[in-house]
Amino acid sequence: MTNSHHGVVAAQYGQRADAYVTSAVHASGADLDQIEDTLRGRNAGRVLDLGCGGGHVAYRAAPHAAEVVAVDVTAPMLEAVARNAAERGLNNITTTQAPAERLPFADGHFDVVLSRFSAHHWLNAEAGLREARRVLAPGGRAVFVDIVSPGHPLLDTHLQSVELLRDTSHVRNYSAAEWMAALSRAGFAVTGLTPHRLRMEFAVWTARTSTPELRAQAIRALQDLASDEVRRHFDILEDGSFLLDSLTIEAEAC
């Protein structure tokens, strides 16, 4: 991989693939339950897990679909997903290495597109959403889950700063308004919004990305110097643990 953004993402997560397969934050959660509930009792046909990471969406979707394709830019991550799927007996999961902005699938190939905690790494989120819409059949369903910016400049600046210090492959956590506008431009009609708040245990959060100690100290320094408004919104605790806002967006292809 080159030092392009996609190369930076692959380098960041390639050596941590198994950590994301076993991560409790990624392997469970109300948002993941909600994704499976949208598929339960239906024949979902072909499902795309876009930016699959540790494959947790794919594992939940597989019992309800004819085929699940897990896509990611990171080859070791895909190898871990394929291995884990085989161990679980989920033989309808296949993997494809590709960036969200350039998907190697025909127009309308999928009946459902799912993406969880991925878009904040995409080089061009709008291009990724356009690709998601292109490969989704007319009337097909999509669910996007991601950490979202609170929107207010003060809170947004703090969030983006600590995210980048923790993980240099971070691009941006978009606000709910930015998500809604981008999805509309890409050709989606939003049918549901479900907010959640996630507690990040600081030591686990930084260990998962092998954040260097100097950058972890910089995050703690930002937290210590943060205003009351920032500390209150993110509920920053003495050990650095804090809350993040996430949003589950259900949509249909227009």
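The values are calculated or read from the model by the stated rules, or taken from the named source; none is laboratory data. All figures in this text were calculated on a predicted structure; none of them were measured in a lab. Note: ideal-geometry Cβ built from the backbone for every residue, glycine included; neighbour counts use all protein chains shown. Surface areas here come from the heavy atoms of the whole protein model, side chains and all, with no ligands, DNA or RNA. Shrake-Rupley method; radii C 1.70, N 1.55, O 1.52, S 1.80 Å.
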Answer from LEU159, LEU155 - the residue that is touching a helix residue (DSSP H, G or I) at 6+ places or on another chain (Cβ under 6 Å) and of a type outside the set (Gly, Ala, Ser): LEU155
LEU247 meets each of (1) touching a strand residue (DSSP E or B) at 6+ places or on another chain (Cβ under 6 Å); (2) more than 16 Å from LEU159 (Cβ to Cβ) with one exception, condition (2)
Among helices (runs of 4 or more DSSP H) entirely within the range 185-254, at least 2 residues that are open to solvent by less than 70 Å² (accessible area, probe 1.4 Å) and among the aliphatic types (A, V, I, L, M) occur in 213-225
Could you identify the single residue in ASP146, ASP156 that is outside any loop (DSSP other than H, G, I, E, B), among the charged types (D, E, K, R) and open to solvent by less than 10 Å² (accessible area, probe 1.4 Å)? ASP146
Taking interchain pairs and intrachain pairs at least six residues apart, which have beta carbon atoms under 9 angstrom, with the first residue in the range 207-222 and at pLDDT 95 or above and the second assigned to a loop (DSSP other than H, G, I, E, B) and open to solvent by less than 50 Å² (accessible area, probe 1.4 Å)? THR211/ASP167; ALA216/GLY240; ILE219/THR211; ILE219/GLY240; ARG220/GLY240
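Can you find a residue in the range 66-89 that is touching a residue at least 24 places away in the same chain (Cβ under 8 Å), under 19 Å from GLY140 (Cα atoms), part of a helix (DSSP H, G or I) and not β-branched (Val, Ile, Thr)? Quick ask: steps written out before the conclusion?
Just the residues of the range 66-89 that are touching a residue at least 24 places away in the same chain (Cβ under 8 Å), to begin with: 66-81, 84-85, 88.
Still in the running and under 19 Å from GLY140 (Cα atoms): 66-71.
Now restrict to residues that are part of a helix (DSSP H, G or I): none.
No, the conditions are met nowhere in the range 66-89.
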Residue in the range 150-174 that is nearest to HIS233 (Cα to Cα), counting only those that are in contact with a Ser or Thr (Cβ under 9 Å, 6 or more places away or on another chain) and charged (D, E, K, R): ASP156
Please give the number of the condition THR96 fails out of (1) farther than 21 Å from GLU36 by Cβ; (2) out of contact with any Pro (no Cβ under 7 Å at 6 or more places or on another chain); (3) not acidic (Asp, Glu). (2)
Name the pairs: first residue in the range 39-62 and in contact (Cβ under 8 Å) with a residue 40 or more places away in the chain, second residue of a type in the set (Phe, Trp, Tyr), Cβ to Cβ under 7 Å, at least 6 apart or on different chains? ARG46/PHE110; VAL47/PHE110; LEU48/PHE110; GLY53/TYR20; GLY53/PHE117
The condition from (1) closer than 18 Å to LEU136 by Cβ; (2) in a strand (DSSP E or B); (3) not aliphatic (A, V, I, L, M) that THR95 misses is numbered (1)
Tally time: how many residues in the range 112-132 are surrounded by fewer than 22 Cβ atoms within 10 Å (Cβ to Cβ) and over 21 Å from ALA11 (Cβ atoms)? 3
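Can you go through GLU163, GLU252, GLU238 and tell me which one is among the acidic types (Asp, Glu), in contact (Cβ under 8 Å) with a residue 24 or more places away in the chain and farther than 25 Å from ASN3 by Cα? First the steps, then the outcome.
Working: GLU163 fails: farther than 25 Å from ASN3 by Cα; GLU238 fails: in contact (Cβ under 8 Å) with a residue 24 or more places away in the chain.
Residue meeting the stated conditions: GLU252.
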The range 40-59: number of residues that are farther than 18 Å from PRO138 by Cα, open to solvent by 60 Å² or more (accessible area, probe 1.4 Å) and modelled with pLDDT of 95 or more: 0
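To keep it simple, each residue is scored yes or no on (1) among the acidic types (Asp, Glu); (2) over 30 Å from ASP107 (Cα atoms).
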site: VAL171; (1), (2): no, no
site: ALA181; (1), (2): no, no
site: SER184; (1), (2): no, no
site: VAL190; (1), (2): no, no
site: ARG197; (1), (2): no, yes
site: LEU222; (1), (2): no, yes
site: HIS233; (1), (2): no, yes
site: ASP239; (1), (2): yes, yes
site: ALA253; (1), (2): no, no
